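Reviewing the structure listed below.
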Amino acid sequence: MKRTDQVIAQTDRVSAHNYAPLPVVITRAEGVFAWDIEGRKYLDCISAYSSLNQGHRHPRILQALLAQSGRLTLTSRAVHNDRLGPFLEKLCNAAQMDMALPMNTGAEAVETAIKLARKWGYRVKNVPADEAEIIVCRNNFHGRTTTIVGFSSEPQYREDFGPFTPGFKLIDFGNADALAEAIGPNTVAFMLEPIQAEAGIIVPPPGYLTEVRELCRRNNVLLILDEIQTGLGRTGKLFDYQHEPDAKPDLLVVGKALGGGVYPVSAVLASIDVMGLLRPGDHGSTFGGNPLASAVGEAALEVVIESRLPARAAELGAYLFDRLASLDSPKVKSIRGRGLLVGIEIAPEAGTARQFSEQLLERGVLCKDTHEQVIRLAPPLIVQKEQLDWLVEQLKFAFR
């Protein structure tokens, strides 16, 4: 039995089967490449679902991790540490927000945003107690907690996990008229992803975010943007909403690439009018904002900004979309996305995206299916043009 088969068999024996990984065992990685335990090399076009915008094991981020781990790793928020303030100040400056609340995972940050929106609704908008309503979009993916899956429209995400938290209303994504119709007197927030990544790289029509921003402002409703996957350069701007300058949210949720691929770091950013409502004891996290996370998050943010990764994503994304136009295959139903977040939808009669992902795996490409028919391509933002050329050649072979 090959080492790959042995490791997969062992993992399947002792690990919950809540994922369906590709049949490959990665043992090391650097930059845009990963190697399996058989020694085969792959171009990583998964990037841990956009957690590796800076690439695997970026030396500057690793140095920050190592230097801080040799000095101080965890204090809890029972005392101050000397890394949290500098990190959050840089993050707030980059996002042009007043304050931030650090957490660990994206789902925790989304839960934090929900609590903030509800508190604002009761304290500022004067919504009656326990009647606050948050509007969300169908096909959303904001995490896996019971509250979050409770407002998912994906049946499997909800099956056997109820009863669910009330107070959420679902509308169609990309339809501002649907939002206008759904807003009521107890609506405290509208929460959405600027691009629905997990749903298959669904891009809303131009002007949509600007329109919903104005609707929220006019109706005294908070706009919450979940940029956990789209943020930190992935779509060609530091944050995706910046493609529409008048679409700045009231609450911004970030994560994934904020940890530089080496540590879980997330945060919610907001104005002092919203964040200032929290009192000691209202919310917390033992690990949120710990010194190690702060050092890593600061370095990860600096790499994104100083290496001009958003501009690289814009330039290389345009180049990749231009090259993908040459695929010209009846097996491809559509190609969509923005920057270096790309979805290739497979025609149903041609098979599933999983089948093509496994073919590409054999040719040295790591990519993953989402929503059965869509191949998601999201290489690190440090990828080179010649590597994208090679990727397109592998795609051409798979679609022959």
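Could you pull out the residue among ALA117, ALA109, ALA180, ALA113 that is more than 19 Å from the chain's Cα centre (by Cα), assigned by TED's automatic domain parsing to the domain that holds HIS283, closer than 22 Å to GLY281 by Cα and of a type in the set (Gly, Ala, Ser)?
Exactly one of ALA117, ALA109, ALA180, ALA113 is more than 19 Å from the chain's Cα centre (by Cα), assigned by TED's automatic domain parsing to the domain that holds HIS283, closer than 22 Å to GLY281 by Cα and of a type in the set (Gly, Ala, Ser), namely ALA117.
Going by what's in this entry, would ALA78 be described as among the small types (Gly, Ala, Ser), over 22 Å from the mean Cα position of the chain (by Cα), under 30 Å from GLY288 (Cβ atoms) and not in a helix (DSSP H, G or I)?
It is true that ALA78 is among the small types (Gly, Ala, Ser), over 22 Å from the mean Cα position of the chain (by Cα), under 30 Å from GLY288 (Cβ atoms) and not in a helix (DSSP H, G or I).
Can you pull out every residue in region 10-59 that is out of contact with any helix residue (DSSP H, G or I) (no Cβ under 9 Å at 6 or more places or on another chain), assigned to a loop (DSSP other than H, G, I, E, B) and hydrophobic (A, V, I, L, M, F, W, C)?
Passing the criteria: ALA16, ILE46.
Of the residues that make up region 335-347, is at least one in contact with a helix residue (DSSP H, G or I) (Cβ under 7 Å, 6 or more places away or on another chain) and part of a loop (DSSP other than H, G, I, E, B)?
Checked against the condition, which is being in contact with a helix residue (DSSP H, G or I) (Cβ under 7 Å, 6 or more places away or on another chain) and part of a loop (DSSP other than H, G, I, E, B), region 335-347 yields at least one hit.
Go through region 20-66 and give me each residue that's without any contact (Cβ under 8 Å) to a residue 12 or more places away in the chain and either touching a His at 6+ places or on another chain (Cβ under 9 Å) or of a type in the set (S, T, N, Q) (or both).
Correct list: THR27, ARG28.
Which condition breaks for THR352 when tested against (1) in contact (Cβ under 8 Å) with a residue 24 or more places away in the chain; (2) surrounded by fewer than 16 Cβ atoms within 10 Å (Cβ to Cβ)?
So THR352 meets the others, but not (1).
Count, please, the residues in region 252-273 that happen to be out of contact with any Leu (no Cβ under 6 Å at 6 or more places or on another chain) and buried (at least 18 other Cβ atoms within 10 Å of the Cβ).
Here the count works out to 11.
Output the number of residues of region 257-315 satisfying the condition of being more than 19 Å from SER51 (Cβ to Cβ) and of a type in the set (A, V, I, L, M).
Number satisfying all stated conditions: 8.
For region 131-138, state whether one or more residues are under 26 Å from LEU301 (Cα atoms), in contact with a strand residue (DSSP E or B) (Cβ under 7 Å, 6 or more places away or on another chain), in the same structural domain as ALA182 (by TED's automatic domain parsing) and among the β-branched types (Val, Ile, Thr).
no
Among the residues of region 186-193, is there at least one that is assigned to a loop (DSSP other than H, G, I, E, B), surrounded by fewer than 22 Cβ atoms within 10 Å (Cβ to Cβ) and not aliphatic (A, V, I, L, M)?
For region 186-193, residues assigned to a loop (DSSP other than H, G, I, E, B), surrounded by fewer than 22 Cβ atoms within 10 Å (Cβ to Cβ) and not aliphatic (A, V, I, L, M): present.
Residue by residue, here is whether (1) hydrophobic (A, V, I, L, M, F, W, C); (2) at positive phi; (3) not assigned by TED's automatic domain parsing to the domain that holds LEU301 holds:
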residue: SER50; (1), (2), (3): no, yes, yes
residue: ASN53; (1), (2), (3): no, no, yes
residue: LEU65; (1), (2), (3): yes, no, no
residue: ARG71; (1), (2), (3): no, no, no
residue: ALA78; (1), (2), (3): yes, no, no
residue: ASP82; (1), (2), (3): no, no, no
residue: LEU91; (1), (2), (3): yes, no, no
residue: ASN104; (1), (2), (3): no, no, no
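Identify, by number, the condition in (1) among the charged types (D, E, K, R); (2) more than 23 Å from PHE173 (Cβ to Cβ); (3) in a helix (DSSP H, G or I); (4) touching a residue at least 12 places away in the same chain (Cβ under 8 Å) that GLU111 doesn't meet.
So the condition that GLU111 fails would be (2).
The values are calculated or read from the model by the stated rules, or taken from the named source; none is laboratory data. From a predicted model like this one, the values you see are computed outputs, not experimental measurements. A quick note on method: Cβ atoms are made from the backbone with ideal geometry, for glycine too, and the neighbour counts reach across all protein chains shown.
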